[in-house]
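Written out below as structure tokens is the structure these notes cover.
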Amino acid sequence: MHPAVYKVGLQYLSGDISGGNARCIAMLQAFQEVVKDYSTPPEKTLNRDMAAKISSCVSFLRECRPLSVSMGNAIRFVKNRIAKLPMTLSESEAKAALKSDIERFINEKIIGADTVIVKHAVTKIRDGDVLLTYGSPTAVEMVLLHAHELGKKFRVLVVDSRPKLQGQLLLRRLIKRGINCAYTHINAISYIMHQVTKVFLGASSVFSNGTVYSRVGTACVAMVATAFRVPVLVCCEAYKFHERVILDYSICSSNELGDPNAISKVHGREDINYFDGLTNNANLKFLNLMYDATPSDYISMIITDYGMVPPTSVPVIVREYQKEHLL
Amino acid sequence: MPDVQSTVVEFVNKLRKRKIEGSQATAKCTVELLRSVISHQRVPHANQAAALIDAVKAVGEQLVAANPVELAVGNVVRRVLHIIREEDLSLTTAAMGGLDLLDASDDDDVDNCKGIGYPAMSAAVVAAAARSTLRPPSLQTLLEGTPESATVPYTSSSGADSESKTADKSSLTRKLKHDVIEGVNQLIHEIAGCHEQIAEQAIEHIHQNEVILTLGSSRTVLEFLCAAKEKKRSFRVFVAEGAPRYQGHLLAKELVARGLQTTVITDSAVFAMISRVNMVIIGAHAVMANGGVIGPVGVNMAALAAQKHAVPFVVLAGSHKLCPLYPHNPEVLLNELRSPSELLDFGEFSDCLDFGAGSGSLQVVNPTFDYVPPNLVSLFITDTGGHNPSYMYRLIADYYSADDLVM
């Protein structure tokens, strides 16, 4: 195993790298290292052997943490590129071509896409808006910071949920930049939704029936927002789209499960210790879902690098996009 | 009297400092306090009901003002006032019955003479008023055809006729207080026993192999689920943990101790799990007259999710939680904001809390309650049985008299 892959895998495991984009970029950069240090063993072809090598890296990463849909798409892209490498290229040329392809994917599909999303989304923020966001989505954070730099006057409500409490990190960064914020837990969502003018959410993936697969709780936020007639805008790079369809919003079969002990212990609240000595009880279980799926009727608009589209247009983008990157 | 006054002050302080919370506990304390107020209240010979009502009202106003969000306190005060009015009325009608027999000759002209100040006459009017206002309309009262003018305030008239029949009234005075205290005792009994009454109905609603979702920590819900478990129903309970108070942890612990299969989920997973759930059961903090529910924070989210997946949303409420008021903007006006320290460590964010140095301001929102509109509720289960949200106003009308709605 290449040390770069090993390092990234352990960072996934410890939670040092989290968030769809960060994980994907870290993985692709590790692959670049793998490609750089690669030399074709005798009596093997570069295309086949390197694909096998990447596959073994992927299965190691999957052991560390289940892959996100976006990572699956990126892996598909890399493997496609390897398979399409012309046989006429020398080893060093092939490696250089592959590295630059991966570099291009990171720059265009992830970093570039975010810039475009920010450009689009900022047009939707007006003076006096009260924006609500949930968790700590990177794309939304960039949108908010950019809008603030443009001098727009708005307030941000950061909604958070246990056990990760990632919203606190976002909250800290926003306040540092001088944005007025309010903070609450997801339970209080109905209390604060009256004030909200727009909801900005991030997504781990968008499926082709318009379902948004994201951090658990996103569906609750979108549902309450819809009940209060507040528009829900989802910021998601197009490389995270997937042609899968799902109807089951708990997706128990493919959902990632977090550490159950994270629920029984409340960090920083020593008075909440009801489960001390009960954790081995056969009747007591803890379920720590990581993701949920938001039905497309709760989504007003998806902001992608291809523009602002309704959720019904997702399959079109999936088709166009897939054609483009398979070429 | 002074010792009663001091217990009132003590209880008011407890309410104000939120040392005592929860509708069950506050209702129980309130009714016991009112009982001692009534038993210590010296009643004059004339107009004893009015004196009792004034005393109870005076104490009730203080209690309600101490914690306006704890609606059970106001409910119980109104219930006690209703008991006083009813007992007074039934005594007057009973006395009237006795008069009817004594002055049978005088009563001949009652129907054509509507004189004021004629003692027997005014008592008859009171009786008629009693029939038309308090008793449910029956065929008999309709056929009797009591005139509309009969509905005069009876407290004044009972005072009027007490002047002439003082001998009768001296025994009545003692009897009224005795009867009222008897009624209040019944109310205490009812509040204490509402769990069992509600739990008895569990078997009709929870079926084999079902999955129940609940949130918040409610003794009523606990007893309800355990009653079904005792009847050999096997089912699974999902408990949302209810951050930042984590009352779900408390409920889960008690459920596990009683041997129920319990799974604790995060609050954010409510929507994800609702499609796996057969029924949502919650305990109300208060039920408003329009059928809306004040419940633990997060309840509205669960109710919306339940509606989306057509999962029945069942609310358990003892009769002391039925509030005769109609809510206006209840999310804000009938809510209470708690300390931000439950959400954020002051130490961690202390640098962000100063409003200078170009950093943004931070506001932390930590409400206690949530409002569920009546259209999201499938069923109310009270100690008198199951009811639709649209029926709650009528049920509530049985428990309170219209004069006490505004205190």
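List of remarks:
- Sequence of A:306, B:371 once ranked by neighbouring C-beta atoms within 10 Å, starting from the fewest: A:306, B:371
- Counted charge near residue B:16, where neighbours are those whose Cβ lies closer than 13 Å (Asp, Glu -1; Lys, Arg +1): 0
- Of the peptides B:174-185, A:176-187, A:150-161, the order by per-residue mean of other Cβ atoms within 10 Å, starting with the highest, comes out as A:176-187, A:150-161, B:174-185.
- Where only C-alpha atoms are counted, convex hull volume of region A:88-176 per residue in Å³: 131
- Peptide B:298-306, shielding by other chains (average Cβ, 10 Å cutoff): 5
- Three-way shape call for the protein assembly as shown based on the alpha-carbon gyration tensor, with the a/c threshold at 1.5: prolate
- Short-range pairs are left out: with C-alpha atoms under 8 Å and at least six residues apart, the relative contact order of region A:3-112 is 36 percent.
- Modelled this way, with points 7 Å down the Cα-to-C-beta line, the labels at residue A:33 and residue B:398 are 7.3 nm from one another.
- Theoretical FRET efficiency, 1/(1+(r/R0)^6), r = Cβ-Cβ of residue B:230 and residue B:329, R0 45 Å, to 0.05: 0.60
- Placing dummy labels 7 Å off each Cα toward the beta-carbon, the span from residue B:350 to residue A:100 is 5.6 nm.
- The magnitude of the dipole of the protein assembly as shown, with charges of +1 and -1 set on the Cβ of Lys/Arg and Asp/Glu and taken from the Cα centre, is near 3260 debye.
- Förster radius 56 Å - calculated FRET efficiency between residue A:14 and residue A:229 (Cβ-Cβ, nearest 0.05): 0.85
- In this structure, the pairs whose alpha-carbon distance is over 30 Å, taken from B:28/B:253; A:7/A:164; A:7/A:79; A:36/A:109; B:57/B:175; B:28/B:308, are B:28/B:308.
- Nearby lysines by direct alpha-carbon distance to residue A:153 (threshold 29 angstrom, same-chain neighbours under 8 apart not counted): A:119, A:124, A:176, A:198
- Phi-based couplings in Hz for region B:52-61 (Karplus 6.51, -1.76, 1.60; Gly and Pro marked x): 4, 4, 4, 4, 5, 4, 4, 5, x, 4
- Cα lying deepest toward the dipole's positive end in region B:200-404, options B:215, B:257, B:389, charges on Cβ: B:257
- For region B:200-404, the dipole from Cβ point charges (+1 on Lys and Arg, -1 on Asp and Glu) about the Cα centre works out to 900 debye, to the nearest 20.
- For region A:53-208, the relative contact order comes to 23 percent (Cα pairs under 8 Å, sequence separation of at least 6).
- Each residue in B:207, B:320 was given a count of other beta-carbon atoms within 10 angstrom of its own, and listing them fewest first yields B:207, B:320.
- Neighbour-count order for A:24, A:57, fewest beta carbons within 10 angstrom listed first: A:57, A:24
- A Förster radius of 56 Å, combined with the Cβ-Cβ distance separating residue A:84 from residue B:207, puts the computed FRET efficiency at roughly 0.45.
- Counting only Cβ charges, +1 for Lys and Arg and -1 for Asp and Glu, the dipole size of region B:1-96 around its Cα centre is about 320 debye.
- Taking a ≥ b ≥ c as the square roots of the eigenvalues of the alpha-carbon gyration tensor, region A:165-282 is classed oblate because a/c is 1.5 or more while a/b is no larger than b/c.
- Prolate/oblate/rounded label for region B:200-404 (Cα gyration tensor, a/c 1.5): oblate
- Sequence-distant contacts, meaning Cα pairs under 8 Å at least 6 residues apart, place the relative contact order of region B:200-404 at 20 percent.
- Shielding by partners - mean other protein chain Cβ count within 10 Å, residues of A:286-294: 4
- Averaged over B:272-281, number of beta-carbon atoms from partner chains that fall within 10 Å: 4
Just so you know, all these numbers are worked out from the coordinates, no wet-lab data involved. The structure presented is a predicted model; accordingly, all values stated were derived computationally and were not measured. All Cβ positions, glycine included, derive from the backbone under ideal geometry; neighbour counts span all protein chains shown.
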